[in-house]
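Below is one structure; the comments refer to it alone.
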Amino acid sequence: MQALEVSLFGGFQLRRGDEAVPPMPSRAARSLLAYLAVHRGIRQPRDRLVELLWPDQPGNRGRRRLSHTLWQIQDALSELDGQLELLTVSPEAIVIDPAVPCRVDVERFEAGLDQAKRRRGAQEARLRDLTDLESAVALYRGEFLAGHDDAWVRAEQERLHQRYLEALGWLVGLAKAHTAYDDALVYARRLTNEDPLREDAHREVMRLSVLLGRTSDAIRQFERVREVLAEEMGAQPSAETTELHQRIVRQRELAPATPEPTPFPDRVPLMGRDRDRDVAVTALERALGGRGSALFVEGEPGVGVSRLLAEVVDDAHWRGFGTVLASCRRPEAAVAYGVIQDLLDDVLTPLRVEQLKPRVGNVLLAEAAKLVPVLGRAVMQTPPAATGLTSAEGAQRMRDALGRILLALASIDPLVLVVDDAQWADLESLQVLRSLGDELGDTRLVVIIGYRGEEARSRETTWSVLRDLDRAVRPERLLLHPLDPFSSGELLRVLARGHSIAPGAVARLQRETGGNPRFLVETLRSLTEDELLGVLADDGATELPMPGSIREVLLGRIERIAPEPRAVLELGAVAGDGIDLDTLATAAELPREAVVDAVDALVRRGLFEPTGDAFVVHHHQLERAVVEALDPEVRRATHHRLAVALQRLHPDAVEQLGYHFAEAGVAQVAVGYLRQAGRAAAAVHAYPTAAAHYRRAVEQLGRAPVSVSTRAEVLAEHETVLDVLGDREGQRRALEELAILADGVLEREVEVARRRA
């Protein structure tokens, strides 16, 4: 029997071989099974488990909850091929049978650390310790049982996190002992990210940076620790840290005059947008006085819409607003109400959920909880299911529920909602924002929507909803234009870090890029990486080694990347909407350590940027250049590797799975996932998104060897959604094909006739 894989770091997941265990239906079931897994082989008295998981429900009521939760676990496990008797249950106690093959990541993590600790100090064991510790640390993919807030979970999270920090410290020392300073620096930086107040880790980063000849990085690390200590504790770095910084500065001053490569700034300054920013700030000031509003920010790729939105978010933070940002997914991976879910996931803390109860009402909270499970805790009891609602009424109720929650959140604290790349937004989310309508003006809510104008207009349905939203909320509109020559010159002078730029060079850069800020930045970044900034000081502008087009600049950067980082970049570009480290490591077919190093190199070069738990290619132009440079066969194979990795790690991501299997040419599998995506969207009345998924499923039917019955089922489901949307032409085409498939079978012909009627 294959071992059951229990993963508790970064969330909760069960697998057996290539088979995913069906999701546990409740948080309590996941928490209970996690507790038993952490204490595998130790009998747990039932009363103790009730006290841990349901402290407010003692006695018989708590024991009934425990029995029901046990039934949920055993029911989920029973769906695996071959019966898995994981639990040994008696009237007094419960235990995971130690004889059942079971691998728990927490258990393996701690065993690896304990073994390394026992051998610690033995010189001959150091290399083995380094390998073992790296394997153990790789298991820590995130916070223990992330998303759970039971008291026992919080205690375990803190204990395991401390062990993780301790292991990172050991790895730094072991890597240094083997003169692997690059590896040591990676672990030291990870330690400062996990524990920003730990000065000894910051000092280690500074020392290692100097060892690797990166003096400027060492000085910037000191600035970082000084900022962190000032913000978090109102304190200054210790004398030891300050003295190390002074030694590094003196050492750089005494070093030979060979200049270091000019470092490119992490944050590009905002240029030429003062008027636009003033409009946004005025909207924020009005909202503090109870006069909420909306703002549309339009621009073409690279013109700086996202950059302006980031600056406005900073302005809002400074004024005491809560701010949440959603960057929309591509349409081919659309999730119904995905934008609203992203916004609410960021703002719905346990306190906010409690505060929503009196402001929203049980019925609407229960409706919204279908999409946002964390709201379930605010529902006193499950209200009776609504009966007799039409499809349109059901969709309206969901929009009303989500809109009411957004307005209620703004009544608690001033709130800014930012939606970026709205040209890709799912239509259901835009309709929720539209439902705010006239009420927005009497709130402390500011809704800011950024989009690419040309692409939004090319999507007829999206543009129609955006226009409806415009009429409903009456936003102020900002249209961002390319920078004028003066602003472009100022931006280039700031980025060149003191290098003089000849007037002719500025004029040529402006002409080549059209004043697009992103293109300006990418062009100068390419020159910086090639250490050619000095050429800009030459008045002979005609000899400036300027690429002929932005595509050439981007492809030039790509070609200079080492093979392993380039392979990881290609995966990220084909993934499109962000990819987490586990999926990268699985799809890359490289050692995990190599993938981690590759991601680190890409982040340093500004090609990847972290967003939450995932990484995205820095901007769309770069992503497009990478994908288009791939041979078509290689591109299809990359889609397939991503699909297989997602199938293993994220089996519920049916939208992405359908897209990648379709692009990989595995049409039969793609049809199944696209069909699941369509059903999921229709279940929450997201009919436009459902129709899009079914349309792609129908397209794949022509390439897939599927049965007549399967083809008919997909067409029938698509026709049902088209009927709700009132798309009569689409229905007619679907029914014509269904009639052909009926082929004299009476039952099918009757069904087609019924649908036509």
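For this structure, a couple of remarks:
- Which listed residue is open to solvent by less than 40 Å² (accessible area, probe 1.4 Å) and modelled with pLDDT under 90, from Val654, Val627, Val708: Val627
- The number of residues in region 115-137 that are at pLDDT 80 or above and among the polar types (S, T, N, Q) comes to 2.
- Taking the conditions (1) touching a Ser or Thr at 6+ places or on another chain (Cβ under 8 Å); (2) buried (at least 22 other Cβ atoms within 10 Å of the Cβ); (3) modelled with pLDDT of 85 or more in turn, Glu476 satisfies each one other than (2).
- Only listed residue being part of a helix (DSSP H, G or I) and within 28 Å of Val654 (Cα to Cα), chosen from His718, His685: His718
- Residue within region 339-358 that is open to solvent by 50 Å² or more (accessible area, probe 1.4 Å), in a strand (DSSP E or B), modelled with pLDDT of 85 or more and farther than 19 Å from Gly453 by Cα present: no
- Residues located in region 553-565, provided they are surrounded by fewer than 17 Cβ atoms within 10 Å (Cβ to Cβ), in a helix (DSSP H, G or I) and modelled with pLDDT of 80 or more: Pro563, Glu564
- Restricting region 586-614 to residues that are under 16 Å from the mean Cα position of the chain (by Cα) and at pLDDT below 90, the residue that is surrounded by the most Cβ atoms within 10 Å (Cβ to Cβ) is Phe608.
- Tally, over region 456-479, of residues that are free of Cβ contacts under 8 Å to residues at least 40 places away in the same chain, of a type in the set (D, E, K, R) and within 9 Å of Gln423 (Cα to Cα): 1
- Taking region 619-659 as the range and being free of Cβ contacts under 8 Å to residues at least 40 places away in the same chain and within 16 Å of Arg695 (Cα to Cα) as the test, the residues that pass are Val654, Leu657, Gly658.
- Looking across region 665-683, the residues that are open to solvent by 20 Å² or more (accessible area, probe 1.4 Å) and among the aliphatic types (A, V, I, L, M) come down to Val666, Val669, Ala680, Ala682, Ala683.
- Consider region 302-321 and keep the residues that are under 21 Å from the mean Cα position of the chain (by Cα) and open to solvent by 30 Å² or more (accessible area, probe 1.4 Å). The one that is modelled with the lowest pLDDT is Asp314.
- Across region 566-585, the number of residues qualifying as over 23 Å from Leu185 (Cβ atoms) and open to solvent by 50 Å² or more (accessible area, probe 1.4 Å) comes to 1.
The values are calculated or read from the model by the stated rules, or taken from the named source; none is laboratory data. In this text the structure is predicted, and so the values were computed from the model without any measurement. Every residue, glycine as well, gets a Cβ built from its backbone with ideal geometry; the counts of neighbours run over all protein chains shown. The area values use the complete protein model at the heavy-atom level, side chains included, leaving out ligands, DNA and RNA. Shrake-Rupley method; radii C 1.70, N 1.55, O 1.52, S 1.80 Å.
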